[in-house]
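The structure's right below; bear with me while I get my questions together.
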Amino acid sequence: MTESTRQLLVEVDFGAIRIRDYLASPEWLARRREALDRAGGRCQVCNRSDGILDTHHRTYERLGHEDPADLIVLCRSCHHLFHQNGKLSR
């Protein structure tokens, strides 16, 4: 996660919340676990299952009450490619 993402403030029903605080919350950890379970513990781009898997927000519109489609599971390599290129294709 980039420093700018960590500092981003997003409006949610209960006011402004720092993303870093939300990502440490039990609510986020439960949503992350659900996303990992839906993805079968694999990167949804390259199908890798070893190494670190990140749960990436496709949108922050519903931060705090994400729809399943708002999240995608990516291995660290695919996640880095996305943030480097703004897309997942190589």
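Scanning the range 45-90 for residues that are among the aliphatic types (A, V, I, L, M) and free of Cβ contacts under 8 Å to residues at least 24 places away in the same chain, which turns out surrounded by the fewest Cβ atoms within 10 Å (Cβ to Cβ)?
Applying the filter and picking the extreme gives Ala69.
Could you list, in sequence order, the residues of the range 50-90 that are farther than 19 Å from Arg38 by Cα, of a type outside the set (A, V, I, L, M, F, W, C) and not in a loop (DSSP other than H, G, I, E, B)?
Ser77, His80, His83, Gln84, Asn85
Looking only at residues that are at pLDDT 50 or above and assigned to a strand (DSSP E or B) in the range 11-39, which one is surrounded by the most Cβ atoms within 10 Å (Cβ to Cβ)?
Ile17
The values are calculated or read from the model by the stated rules, or taken from the named source; none is laboratory data. Computed from a prediction, not measured in an experiment: that's the story for all the values here. Note that we place each Cβ from the backbone using ideal geometry, even for glycine, and neighbour counts take in every protein chain shown.
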